[in-house]
1. Could you check the range 12-36 and list, in sequence order, the residues that are farther than 15 Å from Leu120 by Cβ and either in contact (Cβ under 8 Å) with a residue 24 or more places away in the chain or surrounded by 13 or more Cβ atoms within 10 Å (Cβ to Cβ) (or both)?
2. Looking at the range 93-104, can you tell me whether even one residue there is surrounded by 15 or more Cβ atoms within 10 Å (Cβ to Cβ) and either assigned to a loop (DSSP other than H, G, I, E, B) or at pLDDT below 95 (or both)?
3. One residue is enough: does the range 63-79 have a residue meeting the conditions farther than 25 Å from Gly159 by Cα, part of a helix (DSSP H, G or I) and hydroxyl-bearing (Ser, Thr, Tyr)?
4. Any residue that is charged (D, E, K, R) and within 21 Å of Pro179 (Cα to Cα) - is there at least one of those in the range 19-42?
5. List every residue pair whose Cβ atoms sit under 8 Å apart, with the two residues 6 or more apart in sequence or on different chains, where the first one lies in the range 167-187 and is in contact (Cβ under 8 Å) with a residue 12 or more places away in the chain and under 24 Å from Ser135 (Cβ atoms) and the second, anywhere, is of a type in the set (A, V, I, L, M, F, W, C) and outside any helix (DSSP H, G or I).
6. Taking the condition of being farther than 21 Å from Phe80 by Cβ and not in a helix (DSSP H, G or I), how many residues in the range 114-163 meet it?
7. Taking into account only those residues within the range 50-72 that are without any contact (Cβ under 8 Å) to a residue 60 or more places away in the chain and within 22 Å of Ala183 (Cα to Cα), which is surrounded by the fewest Cβ atoms within 10 Å (Cβ to Cβ)?
8. Can you name every residue in the range 164-193 that is within 15 Å of Phe50 (Cα to Cα), of a type in the set (Gly, Ala, Ser) and either modelled with pLDDT of 95 or more or assigned to a helix (DSSP H, G or I) (or both)?
Amino acid sequence: MNFLAHLHLAHITDTSLAGALAGDLVKGPIGHLPEPLQQGVWLHRQLDSFIDGREEMAALKTLFPPRYRRTAGILLDMAFDHQLASHWHGYHDDSLGHFCRHSYRTLLADPQLPHSGRVLVSRMARGDWLGSYRSREGVALAVQGISRRLSRPQLLEGGERVLWQHHHRISAVFAELYPRMMAYARQRARAWPGAQGSTLL
């Protein structure tokens with residue numbers, strides 16, 4: 001899952017949006033973080049493990065040509081954000097635009113957001129990255145942006161075309177898995193072991 005899904009799941013579990021975003025920025029132990037960030041990063045990792053372990057996701061990865069096998073997970077993360085943005089009213093009461101604006105404001109106002117996250121969110125807000133996932137053009141721009149940061153950009157370039165070739169299959173898997181993700185997120189948020197229990201994660 002990418003930014004939009006993680007922020008949506010943080011919202012429905014009433015956990016830190018900054019922590020959900022920091023899950024992509026913080027590596028290794030998290031005991032040094034403020035507890036709301038610890039919980040958010042912990043939940044982010046729990047959700048990534050859950051989705052990565054699903055047989056349906058493994059089956060989707062086999063649809064990609066060999067050149068994309070190493071980056072299929074990144075592409076599917078973006079495909080799931082596209083699906084969520086495209087079917088937003090099925091999963092959230094507020095409009096997508098309102099949610100995006102609220103997320104940018106909340107993140108930038110949170111003093112616990114790491115500096116790298118603040119720089120990232122400023123860029124996200126300027127280009128409305130979260131809202132842009134609704135369009136294929138927005139997904140293509142996101143793929144281009146990530147590919148430029150890779151040492152071997154050819155591993156990702158043009159990968160969005162594979163997503164559109166298998167759009168209906170991906171859409172069906174998303175529709176089946178995302179409600180389970182929402183339920184799992186709520187369950188894991190309630191099971192948060194607390195700061196002391198998460199320091200080695």
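The values are calculated or read from the model by the stated rules, or taken from the named source; none is laboratory data. Everything numeric here is computed off the predicted structure, so don't read it as measured data. Heads up, the Cβs are rebuilt from the backbone with ideal geometry, glycines too, and the neighbour counts pull from every protein chain shown.
1. Passing the criteria: Ile12, Thr13, Asp14, Thr15, Ser16, Pro29, Ile30, Gly31, Leu33, Pro34, Glu35, Pro36.
2. Keep residues of the range 93-104 that are surrounded by 15 or more Cβ atoms within 10 Å (Cβ to Cβ), which gives 96, 99-101, 103-104.
Within this subset, residues satisfying the condition of being either assigned to a loop (DSSP other than H, G, I, E, B) or at pLDDT below 95 (or both) are none.
Checked against the condition, which is being surrounded by 15 or more Cβ atoms within 10 Å (Cβ to Cβ) and either assigned to a loop (DSSP other than H, G, I, E, B) or at pLDDT below 95 (or both), the range 93-104 yields no hits at all.
3. As a first pass, look at the range 63-79 and keep what is farther than 25 Å from Gly159 by Cα: none.
Within the range 63-79 (the criterion being farther than 25 Å from Gly159 by Cα, part of a helix (DSSP H, G or I) and hydroxyl-bearing (Ser, Thr, Tyr)), the answer is no, since none of the residues qualifies.
4. Looking through the range 19-42, none of the residues is charged (D, E, K, R) and within 21 Å of Pro179 (Cα to Cα).
5. Arg169/Leu63; Met181/Met1
6. 3
7. Here the answer is Glu55.
8. Ala183, Ala185, Ala189 - these are the residues of the range 164-193 that are within 15 Å of Phe50 (Cα to Cα), of a type in the set (Gly, Ala, Ser) and either modelled with pLDDT of 95 or more or assigned to a helix (DSSP H, G or I) (or both).
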